[in-house]
Amino acid sequence: MQTTTVLLIILAALAALSFAVFQYYTHIKSKSKLHYILALLRFLSLFGVLLLLINPEFTKTDYTLEKTNLIVLTDNSSSMKFEDEKMNTFIKDLEDNTDLMNRFELQKYVFGASLTESKDLSFTEKNTNIASALTAVNEIYKGSNAAIVLLTDGNQTLGRDYVYLNDANKTPVYPIAFGDTTNYEDIKIDQVNSNKYAFLKNKFPVETYVSYQGKNNVKAQYSIKIEGRTVFSKAVNLSPSNTSTVLNASIQANSVGVKPVTIEISALDNERNTKNNSKKLAIEVIDEKTKVAIVSEVLHPDLGTFKKAIESNRQRSVVFKKPTDSQKSFEDIDVFILYQPTRSFKTIFDYIKQKKAGLFTVAGTAADLNFLNGLPSNYEIEVGYPIQEVRPERNSAFSSFDISNFKLDDFPPLASDAGPLSNQDYETLLYMNVLGRTTEIPLLLSSEKNNNKELLLLGENIWKWRMQSYRNESNFENFDEFIGKLMLYLSSNKAKSRLNIEYNRIYDGGTNTTIKASYFDASFVFDPNANVSITINNKTKTYSKTLPMLLKNGFYEFDVIDLPADDYNFTVKVKDENRSKSGSFTVLEFDIEQQLLTTDYKKLGQLANKTNGLLFYPNQSNTLITELYESEQFSPTQKSTKNIVSLIDFRILLALIIAALTAEWFIRKYNGLT
């Protein structure tokens, strides 16, 4: 208590005493015991009031000893399961050391893909993210004195490189390097890149990254197998100076279906880890050959030109038909080219409209334009024009598909007797250039109506364009690619599906382990309120589950990461809707943690140096304990807390004042004093 406060209390006592003496002794001639009592009560009430005004306080200081946090981070991934006994022994050595526990507050965490506050070690985590664990701990204990003991093999399979973390809180890290520190010769497949789909009779690429770790020149055999049959093989030579290579292969797709593909590199004589010598994937070979029918009553060089250009892509085939052929012969046709149509084409036009197939009409000088105008279409051609030469001019504003690479340099004119079109429900690809002047009359146009796609070419002798393309570039690619884009546009008439699924044929425990589904309402707007479920069965009928799919950003999702290795069939359904889609996939027995068999003690040493810690090994628990105990950096911190406490309880003092005043008043009234 301060001296000033003590003096004020003394002055308050003297003032209260003086007032009481003055009132009951100075002016009263005959004094009795009653006056002494009244004077005492008056003194107490006045002194109490003055104490309330002074409010005397004193400061109380509490001292506490704050220990340093000793954070034990234990790697709980499957690569550490053989180090179970050593890790538990190491942790027990820390816990059983009394001096260390008197100096530190032990905090235990385990981690795999993420940090968990748990004391149980299961060694079932499929991934290791050391960087995430260190960042999380630094955030939790930010601003406090701490040391991190990291029990791991140093092999990280997820996240940023932990050596290059740039955390503001530089907590010292003491890595304990568990596992085998011996470096073995190892040749492995790091990555395989390939398409998910391939077209029948086409080749699909496979790109493989192979690396080697060792001190010798080695030779291995690289092979690709489809359904167990070797389809590609190549010798690979690697050395300490040439530790990696990229292998490219083109594989022929010979049959339709999902084909299991195995990519292998043969094991070395002394290789310990052979699990990383192969990878599996699946290629779905599909037969989506577009069948095109050229329907004509006349013979013309344009017919052969269309056939050669279209069949330059092996996924397309051409057949020649007449308009009088039976409709049954047109059932397997995807795209129709009607060349110089006349009134005899009426039946085939009606059939195409009903089938909603792609239509390419070539209206040259022999076509009946009046007949074409009489058909329900998006355009009407003015007739009565003379035959004239028209050159093509590209419409740079055309947007239905990209024709910007189509070169028209020095292309010869086509013959046409068509005039302008009277309505504008179409989009122009090529305009007519007549006598050096570009007109607004379309030479080639596209239109869509009721899900029917149609192209109209108002000219003939297109064979000259293919020949000019060869003169310009010594190949037909420019022209053939342009015709190919026209065929692709016409063959993409498939109706939209309101339920779509996206999945992989093979899941190997990587990061992309989900099946996705998108469901749209009747207006083809994504429906986030749909009840979408997935039913999964393995092919041996020993596993079956129906689970809801979770709504994510614009799709529904199911994660297959917890499924055991097996072959599965699945069906995605929308509740209260008669819509479902099915598929199949394979979950491989793959654990990336098992691919890493040696300890990365070098990186752990770099981490220790960067954070001002030290690297230790499992048999050095006593050395670590000594280092931690003797380090002045981790000395317990004494903290003082000052509490300002009131000397009196104002409630008690107030009650005492009221009691004194009340007693004085009653005594005076009882004895007739004024």
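The values are calculated or read from the model by the stated rules, or taken from the named source; none is laboratory data. Quick caveat, the model's predicted, so the values are computed rather than measured. Every residue, glycine as well, gets a Cβ built from its backbone with ideal geometry; the counts of neighbours run over all protein chains shown.
Odds and ends about this structure:
Yes/no matrix, rows are residues, columns are (1) surrounded by fewer than 16 Cβ atoms within 10 Å (Cβ to Cβ); (2) out of contact with any Phe, Trp or Tyr (no Cβ under 6 Å at 6 or more places or on another chain):
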site: 343; (1), (2): yes, no
site: 373; (1), (2): yes, yes
site: 376; (1), (2): yes, yes
site: 393; (1), (2): no, no
site: 426; (1), (2): no, no
site: 433; (1), (2): no, yes
site: 436; (1), (2): yes, yes
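- Residue identified as farther than 30 Å from residue 252 by Cα, modelled with pLDDT of 85 or more, assigned to a strand (DSSP E or B) and of a type outside the set (S, T, N, Q) among 206, 149: 149
- Residue within the range 167-179 that is more than 15 Å from residue 69 (Cα to Cα), modelled with pLDDT under 90 and crowded, with 19+ Cβ neighbours inside 10 Å present: yes
- Residue match in the range 44-66 (condition: outside any loop (DSSP other than H, G, I, E, B) and of a type in the set (Gly, Ala, Ser)): yes
- The one condition in (1) of a type in the set (D, E, K, R); (2) touching a strand residue (DSSP E or B) at 6+ places or on another chain (Cβ under 9 Å); (3) modelled with pLDDT of 80 or more that residue 57 fails to fulfil: (3)
- A single entry from 45, 118, 78 fulfils the requirement of being buried (at least 16 other Cβ atoms within 10 Å of the Cβ), touching a strand residue (DSSP E or B) at 6+ places or on another chain (Cβ under 7 Å) and not β-branched (Val, Ile, Thr): 78.
- Among residues of the range 219-250 being in contact with a Phe, Trp or Tyr (Cβ under 6 Å, 6 or more places away or on another chain) and crowded, with 16+ Cβ neighbours inside 10 Å, the one that is farthest from residue 588 (Cα to Cα) is 238.
- Options 462, 441: the member that is under 21 Å from residue 313 (Cβ atoms) and among the β-branched types (Val, Ile, Thr): 462
- Note on the range 460-506: among residues that are small (Gly, Ala, Ser) and within 30 Å of residue 529 (Cβ to Cβ), the one that is modelled with the lowest pLDDT is 495.
- Residue check, residue 155 at pLDDT below 80, within 27 Å of the chain's Cα centre (by Cα) and either outside any strand (DSSP E or B) or buried (at least 18 other Cβ atoms within 10 Å of the Cβ) (or both): no
- Matching entry among 530, 608 (being among the small types (Gly, Ala, Ser), free of Cβ contacts under 8 Å to residues at least 60 places away in the same chain and either surrounded by 18 or more Cβ atoms within 10 Å (Cβ to Cβ) or assigned by TED's automatic domain parsing to the domain that holds residue 129 (or both)): 530
- Residue-level analysis places residue 481 outside the set of residues that are assigned by TED's automatic domain parsing to the domain that holds residue 304, loosely packed, with under 14 Cβ neighbours inside 10 Å and not hydrophobic (A, V, I, L, M, F, W, C).
- Single condition residue 89 does not satisfy, out of (1) under 17 Å from residue 176 (Cβ atoms); (2) buried (at least 18 other Cβ atoms within 10 Å of the Cβ); (3) of a type outside the set (A, V, I, L, M, F, W, C): (2)
- The condition of being more than 24 Å from the chain's Cα centre (by Cα), outside the structural domain of residue 259 (by TED's automatic domain parsing) and either under 13 Å from residue 513 (Cβ atoms) or not in a loop (DSSP other than H, G, I, E, B) (or both) holds for only one of 567, 562, 576, that being 567.
- Which listed residue, of 404, 447, is in a loop (DSSP other than H, G, I, E, B) and either at pLDDT below 90 or surrounded by 15 or more Cβ atoms within 10 Å (Cβ to Cβ) (or both): 404
- Scanning the range 354-381 for residues that are modelled with pLDDT under 90 and in a loop (DSSP other than H, G, I, E, B) yields 356, 357, 374, 375, 376, 377, 378, 379, 380.
- Cross-chain or 6+ apart pairs with Cβ under 6 Å, the range 650-674 first and touching a residue at least 40 places away in the same chain (Cβ under 8 Å) and closer than 16 Å to residue 47 by Cα, then surrounded by 10 or more Cβ atoms within 10 Å (Cβ to Cβ) and of a type in the set (Gly, Ala, Ser): 653/48; 656/48; 657/45; 657/48; 660/45; 661/45
- Hits in the range 72-123 (condition: in a strand (DSSP E or B) and over 22 Å from residue 624 (Cα atoms)): 77, 115, 116
- The residues listed here are 264, 284; of these, the one that is buried (at least 16 other Cβ atoms within 10 Å of the Cβ) and under 30 Å from residue 567 (Cβ atoms) is 264.
- Considering 357, 415, the condition of being of a type outside the set (S, T, N, Q) and either at positive phi or surrounded by fewer than 16 Cβ atoms within 10 Å (Cβ to Cβ) (or both) is satisfied by 415 alone.
- Selection count, the range 287-312, where residues are within 30 Å of residue 194 (Cβ to Cβ) and surrounded by fewer than 21 Cβ atoms within 10 Å (Cβ to Cβ): 7
- Qualifying residue in the range 334-343 (condition: in the same structural domain as residue 297 (by TED's automatic domain parsing), of a type in the set (Asp, Glu) and more than 15 Å from residue 452 (Cβ to Cβ)): no
- Tabulated pairs, the range 27-39, first more than 14 Å from residue 665 (Cβ to Cβ) and at pLDDT 70 or above, second small (Gly, Ala, Ser) and surrounded by 10 or more Cβ atoms within 10 Å (Cβ to Cβ), C-beta under 8 angstrom, 6+ apart or interchain: 39/20
- Lone unmet requirement of (1) assigned to a helix (DSSP H, G or I); (2) at pLDDT 85 or above for residue 652: (2)
- Test: residue in the range 545-556 that is surrounded by 15 or more Cβ atoms within 10 Å (Cβ to Cβ), at pLDDT 85 or above and out of contact with any Asp or Glu (no Cβ under 9 Å at 6 or more places or on another chain): yes
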